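J.: Here you go, one structure.
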Amino acid sequence: MKEVLRWELRSPLNLALASAGAVLVGTVMKRYYLTWSAGSHGGPYGVGILGSVFRTAFTGDVYLLLAILVPFIITLAVRLERDEGVALSVYSLPVSRVRILLAKFLAAFLVLFIFVFAVYLLVFALHFSATPSAVLSVLKIHTAPMVFFYLSVLLFMTSVAALIAIASPNTYVSIFGGFIALYLPEFLGTGWYGPVPWRNVLIDYKSATISAWSDPVFSWTFLKMTLFPALAFLVLYILVGNWRDVR
């Protein structure tokens, strides 16, 4: 499985898509910070203020880009070989279908997380570089919760897109279905699924200044919305993928 994962991580197409997506995400985040800074009238920046900005930067536009990017990357990893009937990856050693499916999923998830979160930190640090002490204080307090937030959210989005991809009849349905499943709750403002309830749970960011582990991102409510459903979708993805024959 290690060799399969290494092969998938080196996919030029996935890396190019993730790079382009990360640039777009960074651009949207920069625009958000500029708008916020203009509205704050250049006031002093402290841990409390930047802590709020640090987590609310996950705006509707950022989520929209990820709702488009995630189905594209996971579809290329999971569906393309099935639809074309030609395996781009040739394995000289016997590898189970479960390991191949898991390696493809992990590769897409890791690429998305590394590229998106790296840009997230970079844009934040550069934009508020005029107050380096405040930036360091915020990063010290909020980095661990935000790492867990992005891990949970991207795992959820990737698992939803992967399940739809493996169950779809073709690549086009996979991409469109993944986008609809991910973005429709944001568009409708659904209160039990998607980014709206995530943001509602994470409003109490000030508790993180007491202890990183008191951050609501580690709460049972947030886990029930993101991590636990993501693991359930991942299991279903493996089961469906192992059951379906490769065309």
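The values are calculated or read from the model by the stated rules, or taken from the named source; none is laboratory data. Predicted model, so just to flag it, every value in this text is computed and none were measured. Here the Cβ positions follow ideal geometry from the backbone for every residue, glycine too, while neighbour counts run over all protein chains shown. Protein only, heavy atoms only, side chains kept; ligands, DNA and RNA dropped before computing areas. Shrake-Rupley method; radii C 1.70, N 1.55, O 1.52, S 1.80 Å.
J.: Can you run phi through the Karplus equation (6.51, -1.76, 1.60; θ = phi - 60°) for segment 165-175 and list ³J(HN,Hα) in whole Hz, with x for Gly and Pro?
T.: In residue order, the calculated couplings are 5, 6, 9, 7, x, 7, 5, 5, 5, 4, 5 Hz.
J.: May I ask for the net charge around residue 62, where only other residues with Cβ less than 14 Å from the Cβ of residue 62 are counted and Lys, Arg are +1 while Asp, Glu are -1?
T.: +2
J.: Shifting gears a bit: What does the accessible area of residue 100 come to, in Å² to the nearest 10, when a probe of 1.4 Å is used?
T.: Taking all protein chains as shown, residue 100 has close to 30 Å².
J.: If you roll a 1.4 Å probe over segment 88-190 with all protein chains in place, what percent of the accessible area is carbon or sulfur?
T.: Carbon and sulfur: 76 percent of the exposed surface of segment 88-190.
J.: Using a 1.4 angstrom probe with every protein chain in place, what is the largest-first accessible-area order of 214, 129?
T.: Ranked list, largest accessible area first: 129, 214.
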